[in-house]
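Quick notes on the structure that follows.
The values are calculated or read from the model by the stated rules, or taken from the named source; none is laboratory data. All of these numbers come straight from a predicted model, not from anything done at the bench. Neighbour counts are summed over all protein chains in view; Cβ atoms, including those assigned to glycine, are modelled from backbone coordinates with ideal geometry. Ligands, DNA and RNA are excluded from the accessible area calculation, which covers all protein heavy atoms including side chains. Shrake-Rupley method; radii C 1.70, N 1.55, O 1.52, S 1.80 Å.
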Amino acid sequence: MPTTAGQGPFRIGADVGGTFTDIVLIDARGDIRTHKVPSTPPHFERAVLRAVADRLGVAGAPGAAVTEVAHGTTVATNAILEHEGARTALITTKGFRDVLALRRIRAPQMYNLFFDKPKDLVERHLRFELTERVSAAGEVLIAPQESELPMLKEKLEAEQVESVAVCLLHSYAFPRHETIVGDFLKEHLPRVQVSLSSDVLPERKEYERTATTVVNAYVRPVMQHYLNALRSGLRELAVEAPLLIMQSAGG
């Protein structure tokens, strides 16, 4: 049943997959309009904006009548699976450069002698060590050697890194060392994205925390570019409603 702009407010749900993009428009009475269009990689936002404009036109509603946009997307997942994320570096405590590669020392296929581990998102030459140490109780054993930071900055610049994951030993118990590194990088490399493990996943288990922080750093520039383009396009449709992004955990 067609609605008019006077029957707002409207809510929009948008789900982007590698093949199709689905849009749901819900009005104040609960009437639902759906629309499926082909996805438009690598510019996935174009399909969303095209479908939103179509549904608003069918409903006779202005963009200003939209109060909420909920969005789920596989853009980050695709970037990981296709290894098309940002050029990422990892900064870790001296002696822990290979945590990302060693993982949990368990073979997913124990009796498969030809099993190959998936390629690491950060190659070994892009993993850098920093002299510092914190105990599991959060006690500072070795203060960060801040004299190493300028040299580290030069290496990151030389490698044309786009994003950095900082994962220092036991930072969940004492995040100050990561904060020092993060503040330095943000000041001296303002165009580089910085992800701190103490922000992303402040929990025990070095591999899990390192891997999660690396994934965050790897997809962060990709998602930032995508969401900025989507937000800009929504504004052109006069949609100023909050853009809510579904997380993998369902929140």
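A few points about this structure:
- Condition check for residue 125: farther than 26 Å from residue 142 by Cβ and within 23 Å of the chain's Cα centre (by Cα): no
- Comparison of 92, 77 shows that the only residue that is free of Cβ contacts under 8 Å to residues at least 40 places away in the same chain and of a type in the set (Ser, Thr, Tyr) is 77.
- Within the range 179-197, if we keep just the residues that are under 19 Å from the mean Cα position of the chain (by Cα) and of a type outside the set (A, V, I, L, M), the residue that is most open to solvent (accessible area, probe 1.4 Å) turns out to be 191.
- Exclusive hit being part of a strand (DSSP E or B) and among the β-branched types (Val, Ile, Thr), set 164, 214, 219: 164
- Residue match in the range 200-220 (condition: of a type in the set (Lys, Arg), modelled with pLDDT of 95 or more, in contact with a helix residue (DSSP H, G or I) (Cβ under 8 Å, 6 or more places away or on another chain) and open to solvent by less than 60 Å² (accessible area, probe 1.4 Å)): yes
- Count - residues of the range 111-128 that are open to solvent by less than 80 Å² (accessible area, probe 1.4 Å) and outside any loop (DSSP other than H, G, I, E, B): 3
- Residues that are open to solvent by 60 Å² or more (accessible area, probe 1.4 Å), more than 15 Å from the chain's Cα centre (by Cα) and either among the small types (Gly, Ala, Ser) or under 30 Å from residue 172 (Cβ atoms) (or both), drawn from the range 47-94: 64, 94
- Screening the candidates 145, 160 for the property of being more than 25 Å from the chain's Cα centre (by Cα) and open to solvent by 70 Å² or more (accessible area, probe 1.4 Å) yields one hit, 145.
- Looking at 205, 186, 153, just one residue is of a type in the set (Lys, Arg) and either touching a Pro at 6+ places or on another chain (Cβ under 7 Å) or touching a residue at least 24 places away in the same chain (Cβ under 8 Å) (or both), and that residue is 153.
- Cβ pairs under 8 Å, 6+ apart, first in the range 9-36 and free of Cβ contacts under 8 Å to residues at least 12 places away in the same chain, second surrounded by 14 or more Cβ atoms within 10 Å (Cβ to Cβ) and assigned to a strand (DSSP E or B): 32/24; 32/25; 32/26
- Subset of the range 95-110 that is modelled with pLDDT of 85 or more and on the phi < 0 side of the Ramachandran plot - its residue that is most open to solvent (accessible area, probe 1.4 Å): 102
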